[in-house]
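Everything below concerns the one structure shown next.
The values are calculated or read from the model by the stated rules, or taken from the named source; none is laboratory data. Predicted model, so just to flag it, every value in this text is computed and none were measured. Don't worry about glycine lacking a Cβ; one is built from the backbone with ideal geometry, like all the others, and counts go over all protein chains shown. Areas reflect the complete protein model, heavy atoms only, side chains present, ligands, DNA and RNA absent. Shrake-Rupley method; radii C 1.70, N 1.55, O 1.52, S 1.80 Å.
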Amino acid sequence: MDFQSYIDQGTNYVINYAPKILIALIILWVGLKIIKALSSSADKLMASRGIDPTLRPFLNNLLSWTLKFALFILVADQVGIDTMSFMALFGAAGLAVGLALQGTLSNFASGVMLLIFRPFKVGDFIDGAGHMGTVEEIGIFVTALRSPENRLIIIPNSAIGSGSLTNFSNASKVQVRLAVGIAYDANIKQAREVILGALASDSRIMANEDKEVLVSELADSSVNLSVRFWCDPSEYWPVFFDNLEGVKTALDDANIEIPFPQRVVHTKQA
């Protein structure tokens with residue numbers, strides 16, 4: 001093949017493919033402009049709908065890259081590239097990544113659900129996945145709690161999303177329950193008055209809510225009382241511990257015995 005043949009062949013390629021390449025470049029340029037506009041509009045729409053700021057950038061990037069991939073397939077098809085091979089390669093890669101990151105994707109899916117449905121928010125005190133603490137951060141993959149002992153607890157979102165959850169901060173009040181045992185020969189009425197008197201000295205206990213001292217069980221060694229009262233959710237633990245000690249002290253001062261487990265043995269003489 002002589003030099004002229006190469007020139008003729010190159011000219012034919014230019015004549016045949018130049019319009020396609022030009023159209024593909026125009027499609028690429030216009031497509032990127034449209035994707036940028038759609039991404040900006042989607043971000044504003046999510047902001048107006050109150051979507052969590054932590055979730056918005058991720059959803060926006062997911063939309064943008066999905067549209068860019070579709071645009072790439074369209075441009076490749078325009079210039080005559082077989083896009084089926086790209087689709088097969090992309091599908092195989094997606095399957096491999098999905099299997100390798102199964103646990104991570106589960107955490108991500110749970111994180112998205114937590115941010116959308118918001119069963120709790122930053123600052124709430126919750127009990128979830130076997131841990132109790134104040135929510136410091138709700139991430140895409142993990143949630144951070146600060147325990148009452150000031151320990152930072154990092155919990156995978158899938159563990160929170162797949163189990164039961166208790167939110168102590170979504171109400172204006174929370175009930176505190178103390179279990180107290182008194183001796184069988186103690187006066188229940190007197191014990192009730194002593195306990196209610198001890199509770200009355202704590203201003204954190206809601207005075208306009210019922211305070212109850214109820215017999216909950218006739219146990220082997222004691223009569224068990226259930227002490228119930230209400231307080232603000234943010235003060236639950238200080239109120240719980242302070243009044244548990246206060247009730248014990250008040251019963252001691254009133255000479256009302258709090259018995260320990262004991263067994264009475266009767267012997268029979270032959």
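A few notes on this one:
So that you can scan it fast, the table gives a plain yes or no per residue for (1) part of a helix (DSSP H, G or I); (2) of a type outside the set (D, E, K, R); (3) open to solvent by 80 Å² or more (accessible area, probe 1.4 Å):
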{"site": "VAL215", "(1), (2), (3)": "no, yes, no"}
{"site": "PHE240", "(1), (2), (3)": "yes, yes, no"}
{"site": "VAL247", "(1), (2), (3)": "yes, yes, no"}
{"site": "ILE256", "(1), (2), (3)": "no, yes, no"}
{"site": "LYS268", "(1), (2), (3)": "no, no, yes"}
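- Residues of region 33-62 classified as open to solvent by 80 Å² or more (accessible area, probe 1.4 Å) and in a helix (DSSP H, G or I), total: 9
- Within region 128-168, being open to solvent by 80 Å² or more (accessible area, probe 1.4 Å) and under 16 Å from VAL112 (Cα atoms) holds for GLU137, PHE141, SER162.
- Only one of the listed residues (LEU89, LEU99) is open to solvent by 60 Å² or more (accessible area, probe 1.4 Å), at pLDDT below 75 and more than 30 Å from LEU22 (Cβ to Cβ). That residue is LEU99.
- Selection status of ARG228, within 37 Å of the chain's Cα centre (by Cα) and basic (Lys, Arg): yes
- When residues in region 113-123 are screened for being surrounded by fewer than 18 Cβ atoms within 10 Å (Cβ to Cβ) and either assigned to a loop (DSSP other than H, G, I, E, B) or on the phi > 0 side of the Ramachandran plot (or both), 5 of them pass.
- Hits in region 217-232 (condition: within 22 Å of ILE188 (Cβ to Cβ), surrounded by 15 or more Cβ atoms within 10 Å (Cβ to Cβ) and of a type in the set (A, V, I, L, M, F, W, C)): VAL223, LEU225, VAL227, PHE229
- Which numbered condition LEU178 fails, given (1) under 30 Å from VAL135 (Cβ atoms); (2) open to solvent by 70 Å² or more (accessible area, probe 1.4 Å): (2)
- Qualifying residue in region 186-201 (condition: in a strand (DSSP E or B) and either open to solvent by less than 70 Å² (accessible area, probe 1.4 Å) or touching a residue at least 24 places away in the same chain (Cβ under 8 Å) (or both)): no
- Region 135-159, residues that are among the β-branched types (Val, Ile, Thr) and either at positive phi or modelled with pLDDT under 90 (or both): ILE138, ILE140, VAL142
- Taken over region 130-142, the criterion of being closer than 11 Å to PHE108 by Cα and part of a strand (DSSP E or B) is satisfied by VAL142 alone.
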